[in-house]
Amino acid sequence: MLSILTVNIGAASRERAEAMLRWLVARPEDVFILTETSGGTGTAYLLDRFLQAGYVVVHTPDANGDRGTAIVSRIAVSEPLSARFASVTIPGRVAAAVLDTEPTTAVLGVYVPSRDRSADKTEKKQAFVGSLLGALDELPPELRDWLVLGGDYNVIARTHTPLHPGFLPFEFGLLDALEAHGLVDAHERCSPGEQAYSWIGRTGDGYRYDYLHVGRELAGRITGCAYLHETREQRLTDHAAVTLKLGVDKVKLLTTGNPAEEEAATLF
């Protein structure tokens, strides 16, 4: 069994990162995709604690201080995939690796830029989406068909209820393009027709921004997918987490400690 969780950590402060760490280490998932990482002390603390405990951390900090994505795994990584996404306009917003599983499974975490009505932020988001889809085009089928893609896409589907105004064709097009690439929306496969939300706006309206997709060869191996709102309810972040279970045959687990326990031990 392979289990993956994605959550937007909201550029966590050090205090919130400590609470997020306690929540994450209590979770059963093997792999975490953390989006909206930052150059601040909270992200550094969180990733360092996992590294010190023996987890694999895949993260490329942005030289300009932009927000990003990290993969944290207690499954061994057999191959880094960063080079395959070097053409993405903001490389720090993607994190990718091939896991040591049977069958071989690749994981790609993404944090699509948000935007307002300004031209520069719209261009930034559109360029990122286009470059991400271009990189997916270049993946060989043996990677794309066994890929788990997840993170905060900052888009909604054309069928979203309610269908919030203001989204542009290229934003709806991201999900259309993923489907055209053979990537399956895991939640839609598990709960067809059910409208999920992962972020709640000031007006109380829900938006589904966070997703997990799987390649065509993994679609039949989905055994569970859910949105976990306790991260919002506990004020760890303003996003719900999303979790996925896949029936793979074998995983190579690392020998890891508990990051929270190791932190406590250093106090004495």
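Taking a ≥ b ≥ c as the square roots of the eigenvalues of the Cα gyration tensor of segment 85-233, is the shape rounded (a/c under 1.5), prolate (a/b larger than b/c) or oblate? Oblate, because a/c is 1.5 or more while a/b does not exceed b/c. Annotation note: GluC sites (Glu not before Pro) in segment 159-244 located in DSSP loop regions with a Cβ neighbour count of at most 12 within 10 Å are 194.
Which of rounded, prolate or oblate describes segment 84-169 when judged by the alpha-carbon gyration tensor and an a/c cut-off of 1.5? Prolate, because a/c is 1.5 or more and a/b exceeds b/c.
When segment 2-265 is described by a simple charge dipole with +1 on each Lys and Arg Cβ and -1 on each Asp and Glu Cβ, the residue from 246, 45, 32 located farthest towards its positive end is 45.
Once each of the trypsin sites (Lys or Arg not before Pro) sitting in a DSSP loop with at most 13 other beta-carbon atoms within 10 Å is removed, the chain keeps 1-116 as its longest stretch. Could you tell me which of rounded, prolate or oblate describes the chain, using a ≥ b ≥ c as the square roots of the eigenvalues of the alpha-carbon gyration tensor, with rounded for a/c under 1.5 and, failing that, prolate when a/b is larger than b/c and oblate otherwise? Rounded. With a Förster radius of 30 Å applied to the beta-carbon distance between residue 191 and residue 64, the computed FRET efficiency rounds to 0.20. At an R0 of 41 angstrom, the distance between the Cβ atoms of residue 252 and residue 159 translates into a FRET efficiency of 0.60.
Every number here is computed from the coordinates shown, using simple stated rules; none is lab data. What you see is a predicted model; the values in this text were computed from it and never measured. A quick note on method: Cβ atoms are made from the backbone with ideal geometry, for glycine too, and the neighbour counts reach across all protein chains shown.
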